[in-house]
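Just below is one structure, and these are the notes that go with it.
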Amino acid sequence: MNGLSVVRMRTLAYGAVAGLLLMASCSEDAVEFSAIDSENVQDEAITESFYEDADDISNVALFSDPETAGGRVSSSARTIVVNDLRFQCATAVIETDPNSTLDVPKGTITITFDGNCLDPRGNKRSGQLVIVYNGKRFLPGSSRTFTLVNYFINDIKVEGTRTVTNVSGSTDEAPKFNIVLTGGKVTWPNGDVATREANRNREWIRAANPLNDEWRISGSASGTNRKGRSYQMEIPAADPLVYKRECAVSDRIFMTVAGTKNLTTENKLISIDYGDGECDRKVVITVNGRSREVTVNNNF
């Protein structure tokens, strides 16, 4: 896995976290946005980021070994080397399913985190991420399911199972994935709990130059935030969220650069417009028909 691939992992995982900072640069009288509205936006964004991060970790592990592409079949469990900063505090072991073949590779990757170790970004993880894969990486119909087992990040417990399936029409150049999260639950040290279920579609537009890769995401999520408020989040297929690798590499923009996200909670719709693809930190927040452009702070 090269440095650009590591950047891609950060791009997706930290794009959701950027939503936490939206309100920091918005003046109090600019938009009808209450403290509770701000809290709702932040809670949904941070909950999403935990699962995006775990998905990225499973993805980089899966793509780090030729066995998952059907290149060969090992006879016993073995440790794999993963070129990603988060694995400085983890070990990854791959075990082949007895029914695995070169055409349909099957197996399990178990990632175990050292709870006493901080990664280079200062995050502490413990527990396991267990990935079960079935089929070649880009082959339509292939899938991987990861389950979080007694998994904590910075003393926050994250639970759930996420299934990623290559959909019909996928190609090496533009693979498409359906991503379903079930049983999502996040528990903070003070006892606050958030729940989440999600169904999303992701298209990976692979360019001849990896620097020009893009990811387009649509779909929905629902649950309760850590204050017990129910929410529904929608990313319209007609205006999907867009992530660009070039923005992360050249401009250190670790967030979505186009598309919209709609968050509904307590009968209030909050819309976030990420722009038209420019590598900037500008978004437009709309609440009750009033809009304002906001520059998102970014400390990553």
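Hey, among the residues in the stretch 83-97 that are modelled with pLDDT under 90 and part of a loop (DSSP other than H, G, I, E, B), which one's farthest from D56 (Cα to Cα)?
Filtering first and then ranking leaves N83.
Read through the list (1) surrounded by 18 or more Cβ atoms within 10 Å (Cβ to Cβ); (2) among the charged types (D, E, K, R); (3) modelled with pLDDT of 95 or more, then give the number of the only condition that K185 fails.
K185 satisfies every listed condition except (1).
Considering only the stretch 199-209, state which residues are hydrophobic (A, V, I, L, M, F, W, C) and either in contact with a Ser or Thr (Cβ under 7 Å, 6 or more places away or on another chain) or closer than 12 Å to V164 by Cβ (or both).
Applying the first criterion (hydrophobic (A, V, I, L, M, F, W, C)) to the stretch 199-209 yields 204-205, 207-208.
W204, the sole residue that qualifies.
For R229, which of the numbered conditions (1) within 21 Å of T264 (Cβ to Cβ); (2) within 19 Å of the chain's Cα centre (by Cα) fails to hold?
(2)
Of all residues in the stretch 166-178, count the ones that are within 19 Å of A237 (Cβ to Cβ) and out of contact with any Gly (no Cβ under 7 Å at 6 or more places or on another chain).
Narrowing the stretch 166-178 to residues within 19 Å of A237 (Cβ to Cβ): 166-170, 174-178.
Then drop every residue that is not out of contact with any Gly (no Cβ under 7 Å at 6 or more places or on another chain), which leaves 167-170, 174-175, 177-178.
Total satisfying the criteria: 8.
Can you say whether N225 is more than 22 Å from I153 (Cβ to Cβ) and modelled with pLDDT under 95, as far as the supplied structure shows? Before the answer, list the steps.
On the way: more than 22 Å from I153 (Cβ to Cβ): no; modelled with pLDDT under 95: yes.
Criteria not met by N225.
Which of the residues belonging to the stretch 98-120 are among the hydrophobic types (A, V, I, L, M, F, W, C), surrounded by 13 or more Cβ atoms within 10 Å (Cβ to Cβ) and assigned to a loop (DSSP other than H, G, I, E, B)? Reasoning before the result, please.
Taking the stretch 98-120 and keeping what is among the hydrophobic types (A, V, I, L, M, F, W, C), we get 102, 104, 109, 111, 113, 117-118.
From the residues that got through so far, the ones that are surrounded by 13 or more Cβ atoms within 10 Å (Cβ to Cβ) too are 104, 109, 111, 113, 117-118.
Once the filter is applied, which keeps residues that are among the hydrophobic types (A, V, I, L, M, F, W, C), surrounded by 13 or more Cβ atoms within 10 Å (Cβ to Cβ) and assigned to a loop (DSSP other than H, G, I, E, B), the stretch 98-120 yields V104, C117.
Say we look at the stretch 150-169 and pick out the residues that are crowded, with 20+ Cβ neighbours inside 10 Å and over 15 Å from the mean Cα position of the chain (by Cα); which of these is modelled with the highest pLDDT?
Y151
The values are calculated or read from the model by the stated rules, or taken from the named source; none is laboratory data. Note that the structure is a prediction, hence the values are computed from the model and not measured. Note: ideal-geometry Cβ built from the backbone for every residue, glycine included; neighbour counts use all protein chains shown.
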